[in-house]
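The values are calculated or read from the model by the stated rules, or taken from the named source; none is laboratory data. Predicted model, so just to flag it, every value in this text is computed and none were measured. Here the Cβ positions follow ideal geometry from the backbone for every residue, glycine too, while neighbour counts run over all protein chains shown.
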Amino acid sequence: MVRLNKSFVMGLLVSFGLVMSASAQQFSKAEDAIKYRKSALFVIGTQFSQIGAMVQGKAPYDAKVAADSATVVEVMAKLPWTAFGEGTDKGETKAKSEIWTDSAKFKEAQEKFIAESAKLASASKSGKLEDLKVAFAATGGTCKNCHDSFRSK
């Protein structure tokens with residue numbers, strides 16, 4: 001398990017978030033938007049999996065690592081959505097057309113994920129594995145619902 005200094009992680013996240021948020025609105029090519037959102041979702045998935053291994057007993061529980069990973073998930077949860085703009089439904093993507101045809105439902109799914117990610121980060125700070133398990137399940141549920149509705153297999 002990788003251990004990172006909290007200030008380093010937070011500095012990295014803030015820097016990454018500022019750069020990516022600023023550039024997210026200015027994609028010159030659809031492929032760039034697709035790469036951006038895939039990258040953000042990859043980071044989320046990697047950090048979420050690290051927490052998952054702990055809550056499933058596949059890795060030892062480390063409250064600090066869990067809290068750091070949950071913080072990354074919380075920050076990153078806000079980033080990929082601007083990269084689902086016009087023209088990004090084509091190319092190397094698993095995005096279903098429902099993202100654009102039912103944008104209200106997609107927006108609702110985003111908001112639920114962002115809200116649950118914040119709860120996950122908060123629960124992770126309690127240092128209690130049981131709190132983390134509950135929040136992890138709720139956050140994972142938002143991922144599954146969104147993938148079921150908006151992601152091709």
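Restricting to helices (runs of 4 or more DSSP H) lying wholly in region 90-153: which have 2 or more residues that are more than 16 Å from ALA40 (Cβ to Cβ), in contact (Cβ under 8 Å) with a residue 24 or more places away in the chain and touching a Gly at 6+ places or on another chain (Cβ under 8 Å)?
129-150
Would you please list the contacts, defined by Cβ atoms under 6 Å and residues six or more apart or on different chains, that run from a residue in region 45-61 that is under 18 Å from LYS125 (Cα atoms) and at pLDDT 95 or above to a residue that is of a type in the set (Gly, Ala, Ser) and assigned to a helix (DSSP H, G or I)?
If the second residue must be of a type in the set (Gly, Ala, Ser) and assigned to a helix (DSSP H, G or I), the pairs left are GLN47/SER69; GLN50/SER69; ILE51/ALA66; ILE51/SER69; MET54/ALA66.
Here are some conditions: (1) under 30 Å from ASP62 (Cβ atoms); (2) surrounded by 17 or more Cβ atoms within 10 Å (Cβ to Cβ). ALA137 meets all but one. Which one does it not meet?
So ALA137 meets the others, but not (2).
State yes or no: is LYS58 in contact with a helix residue (DSSP H, G or I) (Cβ under 9 Å, 6 or more places away or on another chain), assigned to a helix (DSSP H, G or I) and of a type in the set (D, E, K, R)?
No: the conditions fail for LYS58.
Suppose the filter is touching an Asp or Glu at 6+ places or on another chain (Cβ under 9 Å), in contact (Cβ under 8 Å) with a residue 12 or more places away in the chain, over 21 Å from ASP32 (Cβ atoms) and assigned to a helix (DSSP H, G or I); does LYS64 pass it?
Spelling it out, it is not the case that LYS64 is touching an Asp or Glu at 6+ places or on another chain (Cβ under 9 Å), in contact (Cβ under 8 Å) with a residue 12 or more places away in the chain, over 21 Å from ASP32 (Cβ atoms) and assigned to a helix (DSSP H, G or I).
Any idea which of GLY127, GLY45, GLY91 is surrounded by fewer than 16 Cβ atoms within 10 Å (Cβ to Cβ) and in contact with an Asp or Glu (Cβ under 9 Å, 6 or more places away or on another chain)?
Being surrounded by fewer than 16 Cβ atoms within 10 Å (Cβ to Cβ) and in contact with an Asp or Glu (Cβ under 9 Å, 6 or more places away or on another chain) holds for just one of GLY127, GLY45, GLY91, which is GLY91.
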